[in-house]
Amino acid sequence: MQPLLRVENLAKHYAAGRSAPSKDKIAALDGVSLSIPARTTLALVGESGSGKSTLALCIACLEHATSGSIWFEGIDVAALDKNQQRLLRPQIQLVFQDPASSLNPRWTALEIVSEPFFVQGRFSKQERSDKAGTWLDRVGISRKMVSQRADELSGGQKQRLAIARALALEPKLIILDEALSALDCSVQAQISNLLLELQSSLGLTYLFITHDFAMAAQLADEIAVMDHGRIVESGPAEKILSSPGHGATRSLLAATPRVPKTHSVLVNY
């Protein structure tokens with residue numbers, strides 16, 4: 001199966017700080033390579049500071065990589081200029097850990113999901129409203145809630161709203177950056193089921209970033225383990241979970257309270 005996304009030898013360096021010599025650099029990413037076939041989920045697992053979010057920002061064209069390639073549908077995104085990347089960006093959407101930080105608290109749910117259409121100059125005002133309402137309904141936000149402000153919604157409802165906004169422009173790749181970690185277990189289960197249903201019905205591809213192997217086990221086809229800016233182990237989810245080969249993988253697994261034996265659809269609580 002042809003990968004939708006292929007990252008090759010990606011590096012991202014930052015200046016070490018004012019007190020360090022000007023030539024000193026910190027390698028947030030150090031030769032990262034991975035691929036994700038269309039309609040599948042790759043879980044990128046690692047501790048905080050391992051480089052997961054930096055990789056997400058580079059793939060989404062929100063950070064410029066120092067070197068390497070990011071191939072999306074056969075196009076090297078890293079080689080495009082800013083205007084070309086802006087045209088491609090609707091195809092790659094991000095959902096973050098804390099939806100409250102990315103949602104305008106004074107806007108209604110309908111306004112938030114309508115915003116991408118307005119920014120892209122798509123559709124009439126009525127069409128934007130109708131399409132936003134359809135996406136909100138699709139993620140389980142009822143019509144009676146569409147006029148509520150974001151700060152009036154629960155944590156799970158806010159994350160559903162963030163997912164609806166990410167879906168509005170019909171992307172092919174969604175990057176879920178710790179998107180479930182701030183939710184309680186029952187809400188995690190509900191959102192996980194929603195993500196699986198949306199992937200099945202819309203043909204979505206997910207990069208699921210997490211530090212939690214239990215969630216990776218539930219959602220992922222493949223798992224890649226990241227440590228100090230590098231991919232240290234990758235493969236089918238079942239293999240990584242049953243026969244971890246790297247110390248970083250074993251350490252993360254040991255810190256996970258429970259890892260399901262299969263990664264089938266979660267049951268709603």
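Observations on the structure shown:
- Total residues in the range 116-155 satisfying the condition of being buried (at least 18 other Cβ atoms within 10 Å of the Cβ), in contact (Cβ under 8 Å) with a residue 40 or more places away in the chain and touching a Phe, Trp or Tyr at 6+ places or on another chain (Cβ under 9 Å): the figure is 2.
- If you check 66, 54, 41 for being in contact (Cβ under 8 Å) with a residue 24 or more places away in the chain, closer than 30 Å to residue 133 by Cα and in contact with a strand residue (DSSP E or B) (Cβ under 7 Å, 6 or more places away or on another chain), only one passes: 41.
- Enumeration of residues in the range 129-148 that are farther than 25 Å from residue 4 by Cα, basic (Lys, Arg) and modelled with pLDDT of 95 or more: 131
- Residue in the range 185-203 that is surrounded by 18 or more Cβ atoms within 10 Å (Cβ to Cβ), of a type in the set (Ser, Thr, Tyr), within 16 Å of residue 35 (Cα to Cα) and under 14 Å from the mean Cα position of the chain (by Cα) present: no
- Once the range 204-237 is narrowed to residues that are crowded, with 23+ Cβ neighbours inside 10 Å and of a type in the set (Ser, Thr, Tyr), the residue that is modelled with the highest pLDDT is 206.
- Failed item in (1) part of a strand (DSSP E or B); (2) surrounded by fewer than 17 Cβ atoms within 10 Å (Cβ to Cβ), with residue 49 passing the rest: (1)
- One residue stands out among those in the range 181-206 that are among the aliphatic types (A, V, I, L, M) and in a helix (DSSP H, G or I): the one that is nearest to residue 237 (Cα to Cα), which is 196.
The values are calculated or read from the model by the stated rules, or taken from the named source; none is laboratory data. Bear in mind that the values here come from a model prediction, so they are computed numbers and not experimental data. Note that each Cβ is placed from the backbone with ideal geometry, even for glycine, and that neighbours are counted across all protein chains shown.
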